């Protein structure tokens, strides 16, 4: 593939770097440190297995699921987008 002045594989290197940056950014937002023994929303005990699996966990599975549902709204109307009309 002709790349002009760029070295061979430069495009893939840029893609890899972008993905790596996104992964590091996402990991930096994960909770750190010791988790809670009780859910901060409903005060139910958080199982030890969950606390071992997720460092810094602060909610039980039920409360975390509800929070994830509330945060999943994207605000982007796929039905109205031009890309969804191209079939």
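The values are calculated or read from the model by the stated rules, or taken from the named source; none is laboratory data. The structure displayed is predicted, hence computed values, not measured ones. Please note: Cβ atoms are built from the backbone with ideal geometry, for glycine as well, and neighbour counts cover all protein chains shown.
Of the helices (runs of 4 or more DSSP H) entirely within region 18-87, those holding at least 3 residues that are at pLDDT 90 or above occupy 48-53, 61-71.
Contact annotation: residue pairs with Cβ atoms under 6 Å, 6 or more positions apart or on different chains, pairing a residue in region 47-70 that is loosely packed, with under 13 Cβ neighbours inside 10 Å with a partner that is modelled with pLDDT under 90, are 56/31; 56/32; 56/33; 56/35.
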